[in-house]
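Notes for the one structure printed next.
The values are calculated or read from the model by the stated rules, or taken from the named source; none is laboratory data. Just so it is clear, the model here is predicted, and its values are computed rather than measured. Here Cβ is always computed from backbone atoms with ideal geometry, including for glycine, and neighbour counts include all displayed protein chains. These accessible areas exclude ligands, DNA and RNA; they are computed on the full protein's heavy atoms, side chains included. Shrake-Rupley method; radii C 1.70, N 1.55, O 1.52, S 1.80 Å.
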Amino acid sequence: MTDIKLNSVSRRGILGAFAATALVAAPTYTNAFGLLKGAGDIRRIRMYSGRTGESMDTIYWIEGEYIPEVIKEINHFMRDWRTDEVVRMDMRTIDIMAASHRLMDVSEPYMLLSGYRSPKTNAMLRSRSRGVAKNSLHMVGKAADLRLQSRSVSQMAKAAAACASGGVGKYSRSNFVHMDCGPVRSWGG
């Protein structure tokens, strides 16, 4: 990225000021963003889907800016695979996932079990399980259900909870963790 100087104020400096303002304006996500700071000026997400056979290992944020083309790829990757519907995922959830992944110090990609869910898919899953919320944040692109082979559900949940930036659900029997950018809360065992 080019650093254009305007009256001794650089573009990077202006972006930094806006980023600082955004963090003050959204204090709920300060912890997740702070944990990502150690990654330098990049944010990276690694995932694969056993349902579709797709995988992703990508940098989605550089020097204070999300990369629009990559965000589109993430949205497509996290689509409802049953209906092939795509929505714009809330990037705060992706940031929480990336920060948690970094905290666990793993190179293994997440296995994505569920990202976006259409209302039709959510209703079908709800009819089969008591653990599916009627007004799930999955239906608005704000949640993900994830698994790692190399980390336990408890380890994953602790990493996500350390971000103090959203909801963390432990589903030990099914071996996955739910992460979302809704209110800070936790559940499950």
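Considering only region 87-102, I want to know if a residue exists there that is touching a residue at least 12 places away in the same chain (Cβ under 8 Å), farther than 23 Å from residue 168 by Cα and open to solvent by less than 70 Å² (accessible area, probe 1.4 Å).
no
All but one of (1) farther than 26 Å from residue 157 by Cβ; (2) part of a loop (DSSP other than H, G, I, E, B); (3) not hydrophobic (A, V, I, L, M, F, W, C) hold for residue 107; which doesn't?
So the condition that residue 107 fails would be (1).
One line per residue, one yes/no per condition, for (1) surrounded by 21 or more Cβ atoms within 10 Å (Cβ to Cβ); (2) in contact with a Lys or Arg (Cβ under 8 Å, 6 or more places away or on another chain):
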| position | (1), (2) |
| --- | --- |
| 135 | no, no |
| 148 | yes, no |
| 165 | yes, yes |
| 171 | no, no |
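I'd like the full set of residues that are over 17 Å from residue 131 (Cα atoms) and either of a type in the set (A, V, I, L, M, F, W, C) or in a strand (DSSP E or B) (or both), limited to region 158-188.
Those that are over 17 Å from residue 131 (Cα atoms) and either of a type in the set (A, V, I, L, M, F, W, C) or in a strand (DSSP E or B) (or both): 159, 160, 161, 162, 163, 164, 181, 184.
Whether any residue in region 131-141 is touching a residue at least 60 places away in the same chain (Cβ under 8 Å), in contact with a strand residue (DSSP E or B) (Cβ under 9 Å, 6 or more places away or on another chain) and closer than 17 Å to residue 45 by Cβ is what I want to check.
no
Rundown of residues vs (1) at pLDDT 95 or above; (2) of a type in the set (A, V, I, L, M, F, W, C); (3) out of contact with any Pro (no Cβ under 9 Å at 6 or more places or on another chain), yes/no style:
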residue	(1), (2), (3)
113	yes, yes, yes
131	no, no, yes
144	yes, yes, yes
151	yes, no, yes
167	yes, no, no
177	yes, yes, yes
181	yes, yes, yes
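Is it true that residue 106 is closer than 30 Å to residue 151 by Cα and either modelled with pLDDT under 95 or of a type outside the set (Phe, Trp, Tyr) (or both)?
yes
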